[in-house]
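Asker: Take a look at the following structure, please.
The values are calculated or read from the model by the stated rules, or taken from the named source; none is laboratory data. Quantities reported herein were computed from a predicted structural model and do not represent experimental measurements. We work out accessible area using only protein heavy atoms, side chains counted, and drop any ligands, DNA or RNA first. Shrake-Rupley method; radii C 1.70, N 1.55, O 1.52, S 1.80 Å.
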Amino acid sequence: MSKSVLKPHPFAELLPMMSEADYAALKADVIANGRFNDPAVNYKGMRLDGRNRQRVSDETGIKLPTIEFKGTEADALRYVYSKAVHRNMGDSQKAAAAVNFLPHFEAEAKQRQDEARRRGGKSSTTDEAAATGIKLVSGKTRAQWRAKLNQTGRKELERRYALHVGWLSGDMWGLVNGDMVDRIIERMFGPEQPADTGKSRDAAGGLFGVSGRYVAEARKVRDADPELFRAVFEGRETVNRAKLQLHRRSRASAAKAAARSGRLVSPDDCTILVGDALREMEKLPRGKFRLVFADPPYNLGFTYDADPTKDALPPIKYCHLTHAWIKEAAELLTPDGALCWMIPEEWVIDAGGTIREVGLHMRRLIVWHESFGQNGKSNFGRTCRFIWYATKSKTDFVFDAGSILVESKRSSVYNDPRAMPDGKVPDALWDFSRVAGTFAERIPDEGIPTQLPVDLVTRAVRCFTEIGDVVLDPFGGTGTTARAALRCGRKCVTIERSRKYAAIIRRELLAISKGDSHAA
């Protein structure tokens, strides 16, 4: 049986081929009718429309009628994307196909801008910069500044990074020069986007019934990995899964860059401040901590070392103290930082009101189910605690979903093919065992009434921070937050008023091997 010698026109390949299920349905319909309902369309000796029908013809021997397209290349392109609405594609495929049409929409936008300039006369340098979305900084364009910074020595580059981006001492350890240049440029000029990108991507997305933002995400995948983008385009992968793959690669690259720099996170990267939490917080630099993870005394009468309150303040005093340190925590967070506040059921409602009062935005009330909980005698056993998760910004915050995925029941129980192969974002019910006295993780010292599991804190650190960030724990205890931070490649400032507990923290941090320091 002879095969078609016509190659697909490049415009035709802007749309994906049918899925195997849709193709099987098309083939069955053609065989049942003994003919094709629509002819193939050729243009300049290539197949403009009808690749799937041609495949059916080649496999069945049923002749496929053809017609010649009459018109310009622009007309041919419009004809192809008029066929987009007839395709049975998932949202990820639609977004990928929209990316393929973006150059057309951007070219049209540029043509409109050029025509507007011609009508308005010759533009000045400032007008031209404004038309292309480029802000002038100190008389230089984005490209000129990039070229200048790329020729700058490491020491001067670090000075400029500290000036424009800012860091605590040592925060440059995981950055190569190119990363520093990119961050400085973005802080000086804002995100780099082609002219009229927003309108163009919205137009391309509208063609397929997906949002412009989703098109932009698909475009990022294409720019980062064309082969991965091809898998999305062909329906073998989704945009979200592709983003997770790219994110994991980025995290691995960051860890390797840190290792090459010779500056691995070590116990020295945890600063232990011995003193009252509120007073020490007042001395810390504002806006420098990506995460504050706090497990304060619960005012339930526990016996803590060096506790002048005996964990039994009058309720009004406890609430005043709580409001004071939460207010300090809010000021210490970076603009995109997060607060995780561990609280028992007795205070969870009051805590929610305090978070609102200091201007933080509540994201979720996480329930920690303490499996292996204590048995109750005159009441139901206390087997859960709560974590108020709040952010400084309502919309701009770190949430690294790919670093905390868990297996879903779709996969483990129901064997559902729709399950995400890499797992799902955990629910707001976190199931971690209580650290009982017989557990290997339990600190052996006497006089420690409570201890959090490192895995629980690690989930928060991974999700709400990035490698190299600084985490603050205002109530250090036995150093669970510090150990979680260092094992994830983050730094930590820990405040603890008990010298005994501070010594335990130092001892436990020294037990962390450098080989574990990037186990994020």
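Asker: With 29 Å as the limit, write out which pairs from K148/K392; K110/K392; K283/K500 have Cα-Cα distances beyond it, or answer none. Intermediate values should be presented prior to the final figure.
Answerer: Details: K148/K392 35 Å; K110/K392 39 Å; K283/K500 22 Å.
Listed pairs above 29 Å: K148/K392; K110/K392.
Asker: Between E13 and N88, what length in nm is gained on full extension when 0.36 nm per residue of separation is reduced by their alpha carbon distance? Please report the intermediate quantities before stating the final value.
Answerer: Values: separation 75, 0.36 × 75 = 27.00 nm, distance 1.57 nm.
Full extension of this stretch gives 25.4 nm more.
Asker: Another question, then. Assuming 0.36 nm per residue, please report the length gained on full extension of the stretch K317 to R279 beyond their Cα-Cα distance. Display every interim value, and only then the final one.
Answerer: Numbers: separation 38, 0.36 × 38 = 13.68 nm, distance 1.65 nm.
Stretched out fully, the K317 to R279 stretch lengthens by 12.0 nm.
Asker: Show which lysines lie in cross-link reach of K70 when reach means a straight Cα distance below 24 angstrom and same-chain residues fewer than eight apart are skipped.
Answerer: K7, K44, K83
Asker: Figure the gain on full extension for T152 and H361 (residue separation times 0.36 nm, minus the Cα-Cα span) and round it to one decimal in nm.
Answerer: 71.2 nm
Asker: Would you mind checking the pairs K327/K424; K155/K491; K288/K317; K27/K94 and listing those with alpha carbons more than 26 angstrom apart?
Answerer: Pairs exceeding the cut-off: K327/K424; K288/K317.
Asker: Could you give the distance between the Cα centres of the range 436-492 and the range 4-23, to the whole Å?
Answerer: Cα centres, the range 436-492 to the range 4-23: 54 Å.
Asker: Could you report the accessible area of K83 in Å², rounded to 10, computed with a 1.4 Å probe on the protein chains as they sit in the structure?
Answerer: The accessible area comes out at roughly 60 Å².
Asker: Additional query: Using a 1.4 angstrom probe on the protein heavy atoms only, could you order W388, W325 from most to least accessible area? Don't jump to the answer; show the numbers that get you there.
Answerer: On the way: W388 35, W325 10 Å².
Heavy-atom accessible area, descending, gives W388, W325.
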